[in-house]
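Taking it in order: structure first as structure tokens, then the write-up.
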Amino acid sequence: MTHRLVYVVGPSGAGKDSVLHGLRRNWGDADPAHWARRTITRPADAGGELHEAVDAQGFGQLCRMGAFAMHWNANGLSYGVRQSELLPIRDGRWVFVNGSRAWVPQLRQQWPQATVVYIGASPAVLAQRLAARGRESAQAVAERLARQVPAALPPETIQIENDSTLADAVSALHEALVRCDRAGGVPSSN
């Protein structure tokens, strides 16, 4: 059931947090799910997702201790997902991780049956959303928009365009995951 490890990636501003939050709100209780909390070298009050805030030294110590099942650096920050956050997979639960495109090759090595979801949006929408959230300077927003990540997505990646309404993106993702689960982890186009 490792295809129930859902690793969600996409550029900054694509709405990954919003889509995951919407999916969580509409998921229901029939098929239990866990929404992995990330550890980030960002202050707890920085806005956005609820996360475990640590400084760079603490993050390095957690890495050396083997606390993370996965970790990466992006946009000047370090991100990690603790080992304990993936344990619900053993019970057959879905586990959702907000990840990094650059870490997909490592994900595929460790969890080859994980489901990769790419949430994208047009460059104009990305720029508008990044500016609106007000977390970064104009220079930092420009750097996020310019970030190029090698195309390392597997061909069976579920692709969601989040240029329309949030409800449309959430619905499209939910339907794709249901099809994927019914097909034993292989996304289906019908």
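Computed from the coordinates by the stated procedures, all read-outs in this text should not be read as laboratory data. Bear in mind that the values here come from a model prediction, so they are computed numbers and not experimental data. So basically every Cβ, Gly included, is an ideal-geometry build from the backbone, and we count neighbours across all protein chains shown.
Before moving on, here are some points about what is shown:
- Between segment 1-54 and segment 104-125, the C-alpha centres lie 13 angstrom from each other.
- Cβ-placed point charges (K, R +1; D, E -1), dipole of the chain about Cα centre in debye, nearest 20: 300 debye
- MRE, 222 nm, helices only [DSSP H, n ≥ 4, -39500 (n - 2.57), over the chain, to nearest 500]: -10000 deg cm²/dmol
- Rg and Dmax of segment 17-57, Cα atoms only, in Å: 12.9, 41
- Neighbour-limited loop hits for GluC sites (Glu not before Pro), segment 9-92 (at most 13 other Cβ within 10 Å; DSSP other than H, G, I, E, B): none
- DSSP bridge pairs, the chain: antiparallel proportion in percent, nearest 5: 35 percent
- With coordinates expressed along the principal axes, the C-alpha atoms belonging to segment 72-167 extend over 43, 29, 24 Å, beginning with the largest.
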